1. If I filter region 4-17 for residues that are within 16 Å of the chain's Cα centre (by Cα), assigned to a helix (DSSP H, G or I) and surrounded by 10 or more Cβ atoms within 10 Å (Cβ to Cβ), do I get at least one hit?
2. Name the residue that is farthest from residue 37 (Cα to Cα), counting only residues in region 82-111 that are part of a helix (DSSP H, G or I) and at pLDDT below 70.
3. Taking interchain pairs and intrachain pairs at least six residues apart, which have beta carbon atoms under 6 angstrom, with the first residue in region 49-69 and under 16 Å from residue 22 (Cα atoms) and the second open to solvent by 90 Å² or more (accessible area, probe 1.4 Å)?
4. Of the residues in region 28-47, how many are part of a helix (DSSP H, G or I) and surrounded by 10 or more Cβ atoms within 10 Å (Cβ to Cβ)?
Amino acid sequence: MRLALQIKESDYLSFDAMRQASQCIGRVIRSKSDYGIMVLADKRFVRNEKRGKLPPWILDCLEDAHVDMDTDEAVGTARRFLKDLAQPMQKSTALGIALLTGREVAELESGKSLPKLSLNELRKVTTGAFVE
């Protein structure tokens, strides 16, 4: 590989591992109303040079406080996350944040981009299951 493609084997293996990790994480969440937990239980993800190779959509959701947790901390965090999401929430409360409005869909179809919300703003609205 080094001779044919000018790529070090370790670089290729690292890239492939990050690609596969990203695909696995993407399989957990398939739509805007999905939620899930993915545990990257490998100490190599603590290092910035490895974690930084994950795609931006994953890095945006990965908080520093959730990196390098022991088992008890991870279980406690997961328990709180799932408990918060199990609370009922009116669908109308999430329109425009967890769900797109008709205007936002039209803007996206016309090529305009929507403003980004911070993770904390998103959590305020999306911590609950939808109730009709």
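The values are calculated or read from the model by the stated rules, or taken from the named source; none is laboratory data. Everything quoted here is computed from the prediction, not taken from an experiment. All Cβ positions, even for glycine, are placed from backbone atoms using ideal geometry, and neighbour counts span all protein chains on display. With ligands, DNA and RNA removed, areas are computed over all heavy atoms of the protein, side chains included. Shrake-Rupley method; radii C 1.70, N 1.55, O 1.52, S 1.80 Å.
1. In the first step, residues of region 4-17 are kept if they are within 16 Å of the chain's Cα centre (by Cα); the result is none.
Taking every residue of region 4-17 in turn, none turns out to be within 16 Å of the chain's Cα centre (by Cα), assigned to a helix (DSSP H, G or I) and surrounded by 10 or more Cβ atoms within 10 Å (Cβ to Cβ).
2. In the first step, residues of region 82-111 are kept if they are part of a helix (DSSP H, G or I); the result is 82-85, 91-94, 102-109.
After this cut, where a residue has to be at pLDDT below 70 as well, the list is 91-94.
Numbers: 91: 22, 92: 25, 93: 23, 94: 21 Å.
Ranking the qualifying residues of region 82-111, first place goes to 92.
3. 50/44
4. The first filter runs over region 28-47 and keeps only residues part of a helix (DSSP H, G or I), leaving 28, 43-46.
Still in the running and surrounded by 10 or more Cβ atoms within 10 Å (Cβ to Cβ): 28, 44-46.
Looking only at that region, the number is 4.
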